[in-house]
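One structure below.
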Amino acid sequence: MSASSAFNDEKGGSSSVGEPEYGHDPASGGIFSSDYKRHDDLKEMLDSNKDSLKLEAMKRIVAMIARGKNASDLFPAVVKNVACKNIEVKKLVYVYLVRYAEEQQDLALLSISTFQRGLKDPNQLIRASALRVLSSIRVTIIVPIMMLAIKEAASDMSPYVRKTAAHAIPKLYSLDPEQKDQLIEVIEKLLADKTTLVAGSVVMAFEEVCPERIDLIHKNYRKLCNLLIDVEEWGQVVIINMLTRYARTQFLNPNINKTFYGSDEDEDEDEEEKEKKAEVAAMAKRKPYVMDPDHRLLLRNTKPLLQSRNAAVVMAVAQLYFHLAPKAEVALLILFEMISTLYTCGMFEPYLKSFYIRSTDPTQIKVLKLEVLTNLANETNISTILREFQTYIKSMDKDFVAATIQAIGRCATNIGEVRDTCLNGLVQLLSNRDELVVAESVVVIKKLLQMQPEKHSDIIKHMAKLTDNIQVPMARASILWLIGEYCEHVPKIAPDVLRKMAKSFTNEEDIVKLQIINLAAKLYLTNSKQTKLLTQYVLNLAKYDQNYDIRDRARFIRQLIVPTEKSGALSKYAKKLFLALKPAPVLESPFKDRDHFQLGSLSHLLNAKAGGYQELPDWPEAAPDPSVRNVEVKESVRAVGTVTYRDTGALWGPQKMEGSEGCSFPRASDSASGSESGSGSEESGSGSESEESEEGSESEEEEEEEEEKDKKKKKKELKKPVPETESLVTDLEGLSLSDSVLSPATIAPSSVLKNYELLHRITGEGLSVEYCFSRQPFSPDANMVAVQMQFTNSATSDTKNLHMEDVKLQSGMRVKEFPEIGEREPEDIQCTAMAVMGIDFCDSTQAANFQLCTHTRKFFVSIQPPVGELMRPIFLTENEFKKEQGQLMGMNEITEKLTLDAKCRNEHAIVQRVTTAANLSRVPCGSDKECRFAGRTVTSSSLVLVTVATKEEGAAQLTVNCEKMVIGTMLVKDILLALTQ
Amino acid sequence: MIHSLFLINHSGDIFLEKHWKSVISRSVCDYFFEVKEKAVDPENVPPVLQTPHHYLISIYRGKLFFLSVVQTEVPPLFVIEFLHRVADTFQDYFGECSEGVIKDNLVTVYELLEEMLDNGFPLATESNVLKEMIRPPNILRSVVNTLTGGSNVGDTLPTGQLSNVPWRRAGVKYTNNEAYFDVVEEIDAILDKSGTTVFAEIQGVVEACVRLTGMPDLTLSFMNPRLLDDMSFHPCVRFKRWESERVLSFIPPDGNFTLMTYHVSSQNLVAIPVYVKQNINFFETGSCGRLDITIGPKQNMGKTVEGLMVTIHMPKVVLSANLTATQGNYTYDLTTKVLVWDIGKLNPQKLPNLRGSLSMQAGAPKPEENPSLNIDLKIQQLAISGLKVSRLDMYGEKYKPFKGVKYLTKAGKFQRLSLSFL
């Protein structure tokens, strides 16, 4: 308590933490002693056992840090509190640690064990924050600990912790680049993550650590495209930039095909219709350019982001379209409209007026807008633009006026019709009182006059008169040059100007002096009678000038033009040298030559390569193999099931998922992943649905040309009566097309799942039935295993009233029959039907026998489950797993040694094979030598734990712990088989 | 990405620094100060500066510079957007974003910055999520905190970031369920000397204040949505519903937020609510000038124009103004040369007029250009574009919320130029 009162006294009773810590300024050495005391006081507070005092002390310390004062000598006192129970104190201690750990490495190590403990905490947020701080401490000694922590966190259950792990990767990489290879492995793992929370962060890590490993993206490309809209805005920017680079390496240039048939095609890009026709025609003739569906997918999925509130996202999409989209894309037009409101860099005429300048704009914005206006100027709108420019010239901002005059000059050079108008206007500006304006106009007029001097001798005369008044050297020099250049047009005035200039020669600026010499030389050559003496006088003056450039020039010119006995052959050509026809200058924008940088990047803005800038690669000559992006269906299953809270549907194109509307409502998505298709929201109503289907058909037409091939393939596959093959599902996954026949629930399991035959086509007289264990929870009864059946009628006659009869079961087993199926037309493409039934097998592999009846026939059939289907996956943490395993030792544990199949020696393959053999889920595990799986039997909920420990040379050990020994033994056999074959 | 952040006040003091990676000496700001010295107006400081080892990206908000230091390639807009988001967050937390407020809440600010970026990459920027982790200060709590030694760091851990709807936390409860929407439109217009419109457009924004229990799903529809030109939405709005049905369907964040901003372009006819007759002359001799301004109503759709104010930036040579206003009062600031005429409500029967003489520096030449007028006004209960909200429906919750819509038209950048020809 005494400490607190002392503190209060010192502070004069105010408890504000905002009080500046003047004492610590090293410059104020005078009060150093009292300052020392004050820190003592803080230490005392930190040592006390009252949280409120600690908090107060920490607040003051953090305030010191925030103000940039050094508080490092408090390190030992602060670090002690790292394990403090009070969350706020803890948080502030973390802040302090991160700031000073680098300076006090040894002491910082004291805190590491606290974080390591935190990493194991059951609360995900504590795990995450422990990882965050641990990875932010820049102490090289703990690199291995960080590496371990990141690896562990990367397979954490909580997406938030995984996100933190992704953030930690670049931190570790900057601390120790040698960890790169290991980090890439973690990145690869995290890239496969399905949650939107992680996606942005991991792509960020990818960009910082290994942007060259573009191959890691292949498998995740479609997923990233589809998730994009739900990723938080900062992640979107990073992902879009990365995908731009990716697309440039993987797809063909969509604009290149223009050159194929460009001869008969006019350049008007707005006439998109025409182009399309031409495209179709060209397609018929030559091997056409067909946009890769993945390329299309990217463009389509990024387009809605143009309406983001975040300008950075809009800019990112804009640059993506700029670099990737076909030039004729209508989207481009919309795009520029969007930018025009957000960013001063668009090029579209109807939006001209958006670029009109206000007097309140900052100068650099004004200059940018001016640039845009100048670029937009053409014959039709030049008059309005010039009128605007006239207003700008009156502005008080002189830099801006100068820029405007230059802009007028550029308009005049670009558009011949208005050159005279501009010139007249500029000449009037010459009488402006402001010198800067006059000077700038002179410079611009000089450039303009060079284009057609003969017409404008009166202007030159006018300018000659100005030499008396204008003092700005650049302008004087320009006038003199003009007069010299066109002295033939003003033969009377030119010598007079020279006379005046000779008088004031000594007082002129260097640049003007040079031009006087030039003028003298030119006049001497054309009109030596009048100006001989003057020229010699000027040259003599120049000979004794202080500036050596001027002396050199004078000497050089004298030798060249004044014929002496020694003079060589050159003087004969002096006239040709001096009065050669000079090409008119090109007035160009200061913003030219920037296009080699990626739009919207820092490098583009600065027009200089910034550190870490990734060059945008050129389009490839031939597209790399697109099949690398095909993903095994297992992953697509999860992608479909991913919770999306915003509709994934793009504006056009066929990927409107019926399910997406439904799952865009969080409460719908809470339910099982398979149920989306049915859960169309009440509020979207029938209206939206019909519209959707309409759009769907429209877009299909649109797609027709481009994806004809795909479509054929699809049709073929739809005709096949067998359940979806892998290729079909990958197709669907890429396009996110969901037919009404193939609801996500039915697509979901097909890849992992084996199909079993229930009734052969021949014995069934045309009717064939296959079944599989769908691994979905069977909603009517949780104790039942869902069996999904697929009926295919390949007979010529109809099959009606499909139903079950006469079920024969072992005692205890139960069956929930599927509802009767009506008519099946044989010729219908969709002559397949699906039905789901539930069977409670009582955790035994006994078969369920029953009769399958149609309106004419009865077939005896039976379903026997493999043991792996009698369980359902559960989620355990590593610790829980170990605990449970400890309780299922002895009789309940079965261990087998095995040699792994050559193709199945990596972790991924093992996981896949085990999960295919048995319906189990993976348990996160710190070591990469072990894979763990957990599940419960469906009926009795007995725990099933599987461990596969790999050793050298493909040797491995399989351990199954299960209460039910029969199931355990059978499962060992099945998994053994799966892993060795 | 973002390496460090410095907050710099108007006079060039660095009063807060935060580093997300290793510490960068504040001497890096010297480059910035150099440029700032040169620029007359703080708004004229270029947002991106290049120094030998770093890039400095800055914004100017509330008389403060937010200066971030970047070392490698990064989209500049990304940083600028983020800095604005930081400033918005301060505004949201403390009611304003000024030096005094930030200094008073230094620790909270520091904690916020810590949460918003991790290793230079944005971590949590949604205000709903942040508010759960770090509670905003209020008087009651600070009293309670000093008495009980409590803290303003949330003891419950946030769920929002982990839920399906990152911008809304779970378990929101209110006794009065209300949803208010403000449609605020600003007219940006430039009129030339004769009063014809050179350029006019409307910038609109729909601000929402939603205090609803649970997880409501709202649908807001407009009578005339086709009016809107380009929109940008809060991330909660479902793009697809807007594209197909032109309704805003969203699960709202809790509290105040900007639902959408839109733009009604110059192609549509924009009604200009007032007309201005102006006559400003400077005489060649006698170093004086005359000023005569009258304002009258025009196309205001039967509503009263309020808060009318005229601002004129006079040329430097104008020393003083001796004017009489029939309504409101005027001030002339001698140092900044700004004449402000505060009129208030516009009475159509008796048009406000300001006239009198201006005295100029003796011997100075006549100013070349006539000053332009900036006009400020407000019209309550009217969206000048004609936009109307037709209905708000709520799904997902049982109770009946109280709903309200307010319209307001303001002058944004409303300028009247005095054009003269070359």
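The values are calculated or read from the model by the stated rules, or taken from the named source; none is laboratory data. Please read all numbers here as calculations on a predicted model, not as lab measurements. Heads up, the Cβs are rebuilt from the backbone with ideal geometry, glycines too, and the neighbour counts pull from every protein chain shown. Quick note on the areas: whole protein, heavy atoms, side chains included, nothing else; ligands and nucleic acids left out. Shrake-Rupley method; radii C 1.70, N 1.55, O 1.52, S 1.80 Å.
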Next on the checklist: Placing +1 on the Cβ of each Lys and Arg and -1 on the Cβ of each Asp and Glu in segment A:440-541, which of A:527, A:511, A:490 has its Cα farthest towards the positive end of the resulting dipole?
Outcome noted: A:527
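Which semi-axes, in whole Å and largest first, does the equivalent ellipsoid of segment B:1-124 have when worked out from the alpha carbon gyration tensor as the square roots of 5 times its eigenvalues? Write down the numbers at each step before the final one.
Working: eigenvalues 81, 64, 33 Å².
In descending order, the three semi-axes are 20, 18, 13 Å.
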Checklist entry - Going down the list B:173/B:410; B:277/B:345; A:90/A:120; A:54/B:103; A:151/A:223; A:219/A:929, which pairs span over 26 Å between their C-alpha atoms? => result B:173/B:410
Checklist entry - Of B:35, B:9, B:72, which is farthest along the charge dipole of segment B:1-133 in the positive direction, counting Lys and Arg as +1 and Asp and Glu as -1 at C-beta? => result B:35
Item to check | 3J(HN,Hα) from dihedral phi, segment A:135-149, Karplus parametrisation 6.51/-1.76/1.60, rounded to Hz, x for glycine, proline | outcome: 6, 7, 6, 8, 10, 5, 4, 8, 3, x, 5, 4, 4, 4, 4
Checklist entry - Applying the Karplus parametrisation 6.51 cos²θ - 1.76 cosθ + 1.60 with θ = phi - 60° to the phi angles of segment B:393-400, what ³J(HN,Hα) value in whole Hz is obtained for each residue in order, glycine and proline being reported as x? => result 10, 10, 10, x, 10, 8, 5, 9
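For the ranges A:437-447, A:124-134, B:307-317, what's the packing order if you count other beta-carbon atoms within 10 Å of each residue, average per peptide, and put the highest first? List each step's numbers first, then the result.
Numbers: A:437-447: 24.3, A:124-134: 22.5, B:307-317: 18.9.
Descending mean neighbour count gives A:437-447, A:124-134, B:307-317.
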Checklist entry - From the backbone phi of segment A:200-215, what are the Karplus-calculated ³J(HN,Hα) couplings (6.51 cos²θ - 1.76 cosθ + 1.60, θ = phi - 60°) in whole Hz, Gly and Pro given as x? => result x, 5, 6, 5, 4, 4, 4, 5, 7, 8, 9, x, 7, 7, 4, 5
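From other protein chains only, count the Cβ atoms within 10 Å of every residue's Cβ in A:85-97, then give the mean. Intermediate results must be reported in sequence, preceding the final value.
Working: counts 0, 4, 6, 9, 2, 1, 7, 6, 0, 1, 6, 0, 0.
Mean partner-chain Cβ count within 10 Å for A:85-97: 3.
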Checklist entry - With the Cα gyration tensor of chain B giving a ≥ b ≥ c as the square roots of its eigenvalues, does the rule (a/c under 1.5 for rounded; else a/b larger than b/c for prolate; else oblate) give rounded, prolate or oblate? => result oblate
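What fraction, in whole percent, of alpha-carbon pairs in segment A:57-216 exceed 18 Å separation? Don't skip to the answer; put the middle values down first.
On the way: 7413 of 12720 pairs.
That tail contains 58 percent of the Cα-Cα pairs.
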Checklist outcome for this item: Using alpha carbon centers only, segment A:830-891 is separated from segment A:905-969 by a whole-angstrom value of 18 Å
Checklist outcome for this item: Magnitude of the Cβ-charge dipole (Lys and Arg +1, Asp and Glu -1) of chain B about the Cα centre, nearest 20 debye, reported as 1360 debye
Checklist outcome for this item: Non-local residues with an amide H under 5 Å from the amide H of residue A:836, with H modelled 1.01 Å from N and Pro and chain starts lacking one, are A:789
Next on the checklist: Let's test the formula: R0 of 51 Å, r as the Cβ-Cβ distance of residue A:69 and residue A:120. What FRET efficiency results, to the nearest 0.05?
Outcome noted: 0.90
Next on the checklist: Positive end of the dipole of segment A:63-112, charges at C-beta (+1 Lys, Arg; -1 Asp, Glu), about the Cα centre: which of A:93, A:108, A:71 has its Cα farthest in that direction?
Outcome noted: A:93
Checklist entry - Gap in Å between the Cα centre of segment B:166-196 and the Cα centre of segment A:42-64? => result 43 Å
Next on the checklist: Within segment B:1-119, what whole-number % of the accessible surface is contributed by carbon and sulfur, with the 1.4 Å probe and all protein chains included in the calculation?
Outcome noted: 47 percent
Checklist entry - Once amide H atoms are placed 1.01 Å from N in the peptide plane, what residues at a sequence separation of 5 or more from residue B:119, or on another chain, have their amide H within under 5 Å of its amide H? => result none
Checklist outcome for this item: Taking placed amide H atoms and a strict 5 Å upper bound, the residues 5 or more places from residue B:198 or on another chain that come that close are B:190, B:191, B:192
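With solvent modelled as a 1.4 Å probe, how much accessible area in total do chains B and A shield from it at their shared surface, in Å² to the nearest 100? Show your work: numbers first, answer last.
Numbers: alone 22030 and 48360 Å², together 60810 Å².
Interface between B and A: roughly 9600 Å².
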Checklist entry - What's the average, rounded to a whole number, of partner chain beta-carbon atoms within 10 Å of each residue's beta-carbon in A:161-174? => result 2
Checklist outcome for this item: Binned at 10 Å starting from 0, the alpha-carbon pair-distance distribution of segment B:324-397 in whole percents comes out as 12, 31, 24, 15, 10, 6, 2, 1
